[in-house]
Amino acid sequence: MKTKIAIIDGNEATTHAAYPTAEVCAIYPITPSSNMGELADQWASEGRKNLWGTVPLVAEMQSEGGAAGAVHGALQTGALATTFTASQGLLLMIPNMYKIAGELTPAVFHVSARALAAQGLSIFGDHQDVMATRGTGFAMLCACSVQECMDMALIAQAATLKARVPFIHFFDGFRTSHEVNKVTLLSRDEIRAMIDDDLVLAHRQRALNPERPVIRGTAQNPDVYFQSRETVNAFYQATPRIVEDTMAQFARIVGRQYGLFEYFGAPDADRVMILMGSGAETAHETVEHLLKTGEKVGYIRVRLFRPFSVHHFLAALPATTRSLAILDRTKEPGSAGEPLYQDVITALVEGASNHTLPMNAMPRVIGGRYGLSSKEFTPAMVKAVFDELKKEQPKNHFTIGIDDDVTKTSLPFDPHFIIEPDQVVRAMFYGLGADGTVGANKNSIKIIGEETDFYTQGYFVYDSKKSGAVTVSHLRFGKNPIRSAYLIGNGLARYIGCHQTLFLEKYDVLEKAAPGAVFLLNTSASRDAVWDTLPRPVQQAMLGKRIRFHIIDGYRVAQENGMGRRINTIMQACFFAITDVIDRELAMREIKAMVEKTYGRKGRRLLERNYAAIDEALAGLHAVSVPAQLSSQIEMPPVVAANAPEFVQKVTATLIAGRGDSLPVSAISADGTWPLGTAAYEKRQLALEIPQWEVDLCTHCGKCPLACPHAAIRSKVFDEGLTANAPEGFLHTAVKGGKDFPPGTHISYQVAPD
């Protein structure tokens, strides 16, 4: 049977396995898990059937608590039910999760793990939410990559039916849920072979049924409650072996082998790192590099976190291990250590006491935190942890990736330690939220993956402000599997696309550009004039890195073809035309095919406009000869005004400039309290056009200041005498207010361009 390749993200990969094995999906949207529920809803509306020939019932509830209650109820009728959630949404499910687990009910919750709202809300990824559910009795199976999202979703569903222990299948929010990668799809036959109908029937026979009446969920007194809680021990003790057997079954059917704990590294490693989630991919890449330099290091990726199998963990440890670093992507204030750290310590102590340790003496153990709220976790940070393990007294309870200048927990790391292979092509695109740039780049990476033998990866950095905020797309493709679960580093991108000229005066868009890289700018300036429109630092970077320069007036092309301001497909066409990663004519056909797939339901007229814009994009694309010397008089403006408050100067300005990662712990409020009014200093300057006040047409009704969503339009009534020293061009006129205003009263309407 021919394997089917697809370029999808972690959310879709999960749903690909979860949907056909479910009969009920109770959903409630929460970032970054929403896509899973939306896909299930879409497939159900299209009549797509599950393994048993029925269309799953997909119901959107009014809250996550309602979704969990609906799943619980459906499970008790004997249905196979699931849900998709994250963050506080998962926490709202905890009461039902205790019941589902306590009643030994097979189920899988799919979680794109996300930070919790503590001192502040974050929509980005870490493991705080899933770790908050450890006490519920759910088993916890972690996927580390997009491929694993699909595979672990199926393994979890097969294992829960055997074990009767419900599962959380989780993966890193955004980093894995939204990463687009080339995966091998599970076929329907493979999914079918993994699900035992006898176990499904056994689940149905345990259902609450008036023909076989029982009572479940009683109240219990002290005389029996304790014993009742202990009755489940045998089920949890059996679960690790069941998951291992299910993984072996998966390997026989599909051909991909997984373990509960997987070691990779030197057979005689003396330093070992332990972690789970997407960070394991970065650790793998780094260990692979360090082995070539003679380092004796390795790492263990944890897949089955709960129930934690001491036996399987100790079996994965090299006998030569002298020191261990356990990395948790969560924080539990006040604890003796984070969850994975505590479980590993317990396993080692138990191993030492019953003489099952693979090494002769207890290794030195340290634990640390990394990657909260999608904070970058790079090979440089992995190396820093391994370097710390070399010390006689390494720092315990450390942090990596931040500058903790308060409690001194952070490890230093060298940001210039870069190990990405030269064979990988890297491209970056700067766009605005909701301008279509991300969607176009997802299509681009799919086209490259489908039309070439390249492995592909697409990752998209969103701002929580969403529409109108900057988005940065990171695309990689090459001949080998891509494990780089982090952003493209400085000086590595071979292609930079800047879809908004205003970014040039706000961000260092060429900081990531490699020597000789291509730079495509969307600008209304002509070839002859564009050089002098660039800020001086941009010119310096282009000369220093020998940048090849191209321009297009994407907005003109879009407007002339009835596309308004949607330049995404125009810029996409230019990318393929410049890079020649695939044949140009083939690329244009594939872009049009993607446009039809994406927008076809909106009518033929819109498709024709897109097609025309794509064709004309190439005619409007121009190579610019870069002069040999600087000529710009434009300097980068200050991020905020010089008279801004100290907090704005030190903190807000750093955030606006996109360099918030550099802020030390001491710069941040401990309790989440921030000064008022800081948003007034963030002038995003997003508008392409600015409205003008037509003095003669204006009725002075005052509706435009009221309706302006950004409060950029203001009106003022004043005495005409105050305009004696007004600047030239200041527009004002007698107010049309009748008796409400005294004679000589004037009015002015103004627009704040920033």
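The values are calculated or read from the model by the stated rules, or taken from the named source; none is laboratory data. Note that the structure is predicted; figures quoted are calculated from it, not measured. FYI the Cβ positions are ideal-geometry reconstructions off the backbone, even for glycines, and counts take in every protein chain you see. Heavy atoms of the whole protein, side chains included, go into the accessibility calculation; ligands, DNA and RNA do not. Shrake-Rupley method; radii C 1.70, N 1.55, O 1.52, S 1.80 Å.
Below is a table of values for the structure above.
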{"quantity": "Inter-residue pairs, beta-carbon under 8 Å, first on the phi > 0 side of the Ramachandran plot and in segment 498-525, second buried (at least 20 other Cβ atoms within 10 Å of the Cβ), 6+ apart", "calculated": "516/547"}
{"quantity": "Candidate set: segment 737-754, residues that are assigned to a loop (DSSP other than H, G, I, E, B) and in contact (Cβ under 8 Å) with a residue 40 or more places away in the chain; chosen: the one farthest from residue 686 (Cα to Cα)", "calculated": "752"}
{"quantity": "Residue count, segment 207-220 (criterion: part of a loop (DSSP other than H, G, I, E, B), surrounded by 11 or more Cβ atoms within 10 Å (Cβ to Cβ) and of a type outside the set (D, E, K, R))", "calculated": "3"}
{"quantity": "Selection status of residue 619, of a type in the set (A, V, I, L, M), open to solvent by 60 Å² or more (accessible area, probe 1.4 Å) and part of a helix (DSSP H, G or I)", "calculated": "yes"}
{"quantity": "Residue match in segment 176-188 (condition: assigned to a helix (DSSP H, G or I) and in contact (Cβ under 8 Å) with a residue 40 or more places away in the chain)", "calculated": "yes"}
{"quantity": "Single condition residue 330 does not satisfy, out of (1) at pLDDT 95 or above; (2) in a loop (DSSP other than H, G, I, E, B); (3) open to solvent by 30 Å² or more (accessible area, probe 1.4 Å); (4) farther than 18 Å from residue 262 by Cα", "calculated": "(3)"}
{"quantity": "Qualifying position, being in contact with a Cys (Cβ under 8 Å, 6 or more places away or on another chain), closer than 28 Å to residue 181 by Cα and among the small types (Gly, Ala, Ser), among 159, 115, 143", "calculated": "143"}
{"quantity": "Matching residues, segment 191-206, being open to solvent by 30 Å² or more (accessible area, probe 1.4 Å), in a helix (DSSP H, G or I) and within 26 Å of residue 12 (Cα to Cα)", "calculated": "192, 193, 197"}
{"quantity": "Failed criterion for residue 468 (all others in (1) in contact with a Gly (Cβ under 7 Å, 6 or more places away or on another chain); (2) modelled with pLDDT of 95 or more; (3) open to solvent by 10 Å² or more (accessible area, probe 1.4 Å) hold)", "calculated": "(2)"}
{"quantity": "Checking residue 269 against (1) in a loop (DSSP other than H, G, I, E, B); (2) touching a helix residue (DSSP H, G or I) at 6+ places or on another chain (Cβ under 8 Å), the condition it does not meet", "calculated": "(2)"}
{"quantity": "Pairs where the first residue, in segment 429-443, is open to solvent by 10 Å² or more (accessible area, probe 1.4 Å) and the second is in a loop (DSSP other than H, G, I, E, B) and of a type in the set (Val, Ile, Thr), C-beta under 6 Å, 6+ apart", "calculated": "430/509"}
{"quantity": "Of residues in segment 524-557 being under 30 Å from the mean Cα position of the chain (by Cα) and at pLDDT below 95, the one least open to solvent (accessible area, probe 1.4 Å)", "calculated": "554"}
{"quantity": "Residue in segment 353-364 that is buried (at least 20 other Cβ atoms within 10 Å of the Cβ) and in contact with an Asp or Glu (Cβ under 7 Å, 6 or more places away or on another chain) present", "calculated": "no"}
{"quantity": "Matching option when the condition is charged (D, E, K, R), closer than 25 Å to residue 442 by Cβ and in contact (Cβ under 8 Å) with a residue 40 or more places away in the chain, among 532, 553", "calculated": "553"}
{"quantity": "Scan of segment 666-715 for residues that are assigned to a helix (DSSP H, G or I) and either farther than 13 Å from residue 754 by Cα or more than 32 Å from the chain's Cα centre (by Cα) (or both), ordered by number", "calculated": "666, 667, 678, 703, 704, 705, 706, 707"}
{"quantity": "Some residue of segment 377-391 being in a loop (DSSP other than H, G, I, E, B), open to solvent by 30 Å² or more (accessible area, probe 1.4 Å) and farther than 19 Å from residue 274 by Cβ", "calculated": "no"}
{"quantity": "Total residues in segment 583-608, condition under 23 Å from residue 498 (Cβ atoms), crowded, with 16+ Cβ neighbours inside 10 Å and more than 28 Å from the chain's Cα centre (by Cα)", "calculated": "1"}
{"quantity": "Residue tally, condition of a type in the set (Phe, Trp, Tyr), in a helix (DSSP H, G or I) and surrounded by fewer than 20 Cβ atoms within 10 Å (Cβ to Cβ), over segment 1-56", "calculated": "0"}
{"quantity": "Filtered residue count, segment 657-694, keeping only those that are modelled with pLDDT under 90 and β-branched (Val, Ile, Thr)", "calculated": "1"}
{"quantity": "Members of segment 66-120 that are open to solvent by less than 20 Å² (accessible area, probe 1.4 Å) and either among the aromatic types (Phe, Trp, Tyr) or modelled with pLDDT under 95 (or both)", "calculated": "84, 109"}
{"quantity": "One residue from 177, 228, 187 being surrounded by fewer than 19 Cβ atoms within 10 Å (Cβ to Cβ) and under 31 Å from the mean Cα position of the chain (by Cα)", "calculated": "187"}
{"quantity": "Among residues of segment 249-266, those that are free of Cβ contacts under 8 Å to residues at least 12 places away in the same chain and either part of a strand (DSSP E or B) or open to solvent by 30 Å² or more (accessible area, probe 1.4 Å) (or both), counted", "calculated": "3"}
{"quantity": "Qualifying helices (runs of 4 or more DSSP H) (wholly inside segment 62-103; at least 2 residues being in contact (Cβ under 8 Å) with a residue 24 or more places away in the chain and over 14 Å from residue 129 (Cα atoms))", "calculated": "64-76, 94-102"}
{"quantity": "Only listed residue being open to solvent by less than 10 Å² (accessible area, probe 1.4 Å) and touching an Asp or Glu at 6+ places or on another chain (Cβ under 7 Å), chosen from 340, 304, 372", "calculated": "340"}
{"quantity": "Of all residues making up segment 394-428, the number that are in a loop (DSSP other than H, G, I, E, B), of a type outside the set (A, V, I, L, M, F, W, C) and either open to solvent by 40 Å² or more (accessible area, probe 1.4 Å) or under 20 Å from residue 476 (Cα atoms) (or both)", "calculated": "15"}
{"quantity": "Pair list, Cβ under 6 Å, 6 or more apart: segment 473-484 residue in contact (Cβ under 8 Å) with a residue 60 or more places away in the chain, other residue open to solvent by less than 20 Å² (accessible area, probe 1.4 Å) and in a strand (DSSP E or B)", "calculated": "477/456; 482/457; 482/476"}
{"quantity": "Candidates 503, 477 - the one that is hydrophobic (A, V, I, L, M, F, W, C) and under 27 Å from residue 417 (Cα atoms)", "calculated": "477"}
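A quick yes/no check of all residues on (1) in contact (Cβ under 8 Å) with a residue 60 or more places away in the chain; (2) surrounded by fewer than 10 Cβ atoms within 10 Å (Cβ to Cβ):
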residue: 681; (1), (2): no, no
residue: 691; (1), (2): yes, no
residue: 718; (1), (2): no, no
residue: 721; (1), (2): no, yes
residue: 726; (1), (2): no, no
residue: 735; (1), (2): no, no
